[in-house]
There are 2 protein chains.
Amino acid sequence: MEKVTLNVSGMSCGHCEKAVKGALMELAGVTNVVVHLSTGKVDVEFEPSKVSIDQLKEAIEEQGYDVA
Amino acid sequence: MEKVTLNVSGMSCGHCEKAVKGALMELAGVTNVVVHLSTGKVDVEFEPSKVSIDQLKEAIEEQGYDVA
């Protein structure tokens, strides 16, 4: 299990939080997601043998947010 | 048919817009809704014999937004 913190811009409300968290939790290998709206940071616990950080970023970008 | 413009605070993104528009359009008597995110104004066309302005405001407040 690994942890990564992604910096996401454009998340402004609880709906945004749910959209990002939901998209990440749908990925096989992601076991926990915590979204910090005020800072734009997203903590993700994942199994690197099952999912890559690039795939995490893509899932967020598909929801319409930018990942630094 | 009547038109009213409500001033709503806290709508910050497209998800908020959809939540408010969806809640209003579900009410019998509401025929059109336009949300202006940048100003917080919500234009509602409605049939006053079927739905009251107070009911419009309640529907928005139930989504978690304040109506002036």
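Values in this text are rule-based calculations from the coordinates and carry no lab data. Values in this document were obtained by computation on a predicted structure and should not be read as measured data. Neighbour counts run over all protein chains shown; Cβ positions are idealised from the backbone, glycine included.
Every other copy gets compared here: list the nm distances from the A:Glu61 label point (7 Å along Cα to Cβ) to its counterparts, shortest first, one decimal.
4.4
For helix B:53-62, report the angle its Cα long axis makes with the longest principal axis of the Cα atoms of chain B; keep it between 0 and 90° and round to the nearest 10°.
Helix B:53-62 and the main axis of chain B meet at about 40 degrees.
How far, in nm to one decimal, is A:Ser9 from itself in the other copies if the label point is set 7 angstrom along Cα toward Cβ? Shortest first, please.
Those label-point separations list as 2.8 nm.
For chain B, report the translational diffusion coefficient in µm²/s to the nearest whole number, using Stokes-Einstein at 4 °C, 1.567 mPa s, and a Kirkwood Rh over Cα pairs.
Translational D for this selection: 112 µm²/s.
Give me D for the protein assembly as shown in µm² s⁻¹, whole number, from Stokes-Einstein with Rh from the Kirkwood sum over alpha-carbon pairs, 4 °C and 1.567 mPa s.
78 µm²/s
Measure nothing but the geometry: give the 0 to 90° angle between the long axis through the Cα atoms of B:14-25 and the longest principal axis through the Cα atoms of chain B, rounded to 10°.
10 degrees
Can you list the copy-to-copy distances for A:Pro48, using a point 7 angstrom from Cα toward Cβ, in nanometres, shortest first?
Nearest to farthest, the other copies are at 6.7 nm.
Note the count of lysine pairs whose C-alpha atoms are less than 16 angstrom apart in chain B, limited to pairs 8 or more residues apart or on different chains.
So the count works out to 9.
Charges only on Cβ, +1 for Lys and Arg, -1 for Asp and Glu: so what's the dipole of segment A:2-67 about the Cα centre, in debye to the nearest 20? Working shown, then result.
Details: 6 positive and 11 negative charges, 39 e Å.
Value, rounded to 20: 180 debye.
Taking other Cβ within 10 Å of each residue's Cβ, how do A:His36, A:His15 sort, fewest first?
On the way: A:His36 13, A:His15 19.
So the residues, fewest neighbours to most, are A:His36, A:His15.
State the Cα centre-to-centre distance between chain A and segment B:9-31 in whole Å.
If you average the Cα positions of each part, the centres end up 26 Å apart.
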